[in-house]
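One structure below.
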């Protein structure tokens with residue numbers, strides 16, 4: 001799998017079938033906080049309210065039970081798009097079609113043990129490496145099998161519901177762990193439509209494509 005890195009030094013993977021690069025993981029709080037540290041429309045009070053929905057946990061110490069706390073959730077599509085503009089280079093939210101295509105490709109691509117070690121070794125030092133190392137350990141233990149897929153590592157299933165674009169509006173795709181949110185959807189057949197467009201949902205996050 002071809003890797004590159006965004007401006008926060010987190011990994012992107014190339015999905016040729018969808019003709020995009022996609023962030024391997026949903027956007028984390030440590031990435032979003034780099035954006036918040038620069039001039040923007042969001043103040044400390046706004047972020048404090050966001051953190052009440054899904055409290056922050058340390059990216060160095062998160063466990064299998066609280067790992068959703070490392071990801072930014074509860075924000076609205078326009079706020080995710082503001083982060084995308086800060087990221088630059090054509091970053092945006094994926095469409096429903098793109099997200100599902102990425103999901104299908106990652107599900108079909110297995111990761112051997114040697115490939116996993118090579119993947120983590122590419123990160124040098126930093127937040128992304130620490131997060132990936134802990135996720136690999138947790139997912140490998142949780143799966144209880146010899147072979148993982150890139151879908152397992154990406155958390156497109158077993159992570160968050162993620163904002164995606166559909167015909168000029170924004171809906172959600174993804175299936176959180178039942179421990180994080182009990183309603184499990186099938187992301188291939190079902191989209192999640194918030195009842196209100198301005199409703200902040202603690203289980204909604206996002207990842208970007210370009």
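What follows draws every value from the coordinates through simple rules; no lab data is involved. Because the structure is predicted, anything quoted here is derived from the model rather than measured. Cβ atoms come from the backbone with ideal geometry, glycine included; neighbour counts cover every protein chain shown.
How long are the semi-axes of the ellipsoid equivalent to the range 1-118, from square roots of 5 times the Cα gyration tensor eigenvalues, in whole Å, largest first? List each step's numbers first, then the result.
Values: eigenvalues 137, 70, 36 Å².
For the range 1-118, the ellipsoid semi-axes come out as 26, 19, 13 Å.
Between residue 122 and residue 37, what is the spin-label point distance in nm, taking each point 7 Å from the Cα along the Cα→C-beta axis?
The answer from the label model is 2.5 nm.
In Å and on Cα atoms, what radius of gyration and Dmax does the range 119-210 show?
15.1, 43
Let me check against my output: what whole-number percent is the relative contact order of the chain, with C-alpha pairs under 8 Å and at least 6 apart?
The normalised contact order for the chain reaches 28 percent.
Report the calculated FRET efficiency for residue 190 and residue 56 (r = Cβ-Cβ distance, R0 = 35 Å), to the nearest 0.05.
It comes out at approximately 0.75.
Please give, to one decimal in nm, the separation of the simple spin-label points placed at residue 149 and residue 63, each 7 Å out from Cα toward the Cβ.
Rounded to a tenth, the inter-label distance reads 2.9 nm.
Please report, in whole Å, how far the alpha carbons of the chain spread along each principal axis, starting with the longest.
Per principal axis, max minus min of the Cα coordinates gives 44, 37, 35 Å.
Rounded to a whole number of µm²/s, how large is the Stokes-Einstein D of the range 159-210 at 20 °C and 1.002 mPa s, given Rh as the Kirkwood radius over C-alpha pairs?
Rounded, D is 187 µm²/s.
Specify whether the C-alpha gyration tensor of the range 61-115 places it in the rounded, prolate or oblate class, a ≥ b ≥ c being the square roots of the eigenvalues: rounded for a/c under 1.5, otherwise prolate if a/b is larger than b/c and oblate if not. Kindly include the intermediate steps, with their values, before the conclusion.
Numbers: a/c = 2.06, a/b = 1.22, b/c = 1.69.
Oblate.
Taking the highest mean first, how do the peptides 148-160, 49-61 order by number of other beta carbon atoms within 10 angstrom per residue? Mind showing how you got there, number by number?
Values: 148-160: 21.7, 49-61: 14.6.
The peptides rank, most packed first, as 148-160, 49-61.
With a 10 Å Cβ neighbour count serving as the proxy for reagent exposure, in which order, fewest first, do 95, 63, 28, 189 appear?
Working: 95 16, 63 10, 28 20, 189 7.
So the residues, fewest neighbours to most, are 189, 63, 95, 28.
Can you sort 73, 8 so the residue with the fewest Cβ neighbours within 10 Å comes first?
Details: 73 25, 8 19.
With the fewest neighbours first, 73, 8 line up as 8, 73.
Could you calculate the contour length gain from residue 89 to residue 44, that is, 0.36 nm times the residue separation minus the distance between their Cα atoms, to one decimal place in nm?
Details: separation 45, 0.36 × 45 = 16.20 nm, distance 2.70 nm.
Contour length minus Cα-Cα distance gives 13.5 nm.
Antiparallel versus total DSSP beta bridges in the chain: what percent is that, nearest 5?
Working: 18 of 23 bridges.
That works out to approximately 80 percent antiparallel.
What is the percent of Cα-Cα separations in the range 41-80 that go past 11 Å?
Numbers: 510 of 780 pairs.
Result: 65 percent of Cα pairs exceed 11 Å.
Starting from the Cα of residue 138, step 7 Å along the direction of its Cβ; do the same at residue 2; then give the gap between the two resulting points in nm.
Result for the modelled spin labels: 3.1 nm.
Could you put 27, 136 in order, starting from the residue whose Cβ has the fewest other Cβ atoms within 10 Å? Mind dumping the intermediate values first?
Details: 27 26, 136 18.
So the ranking, lowest neighbour count to highest, is 136, 27.
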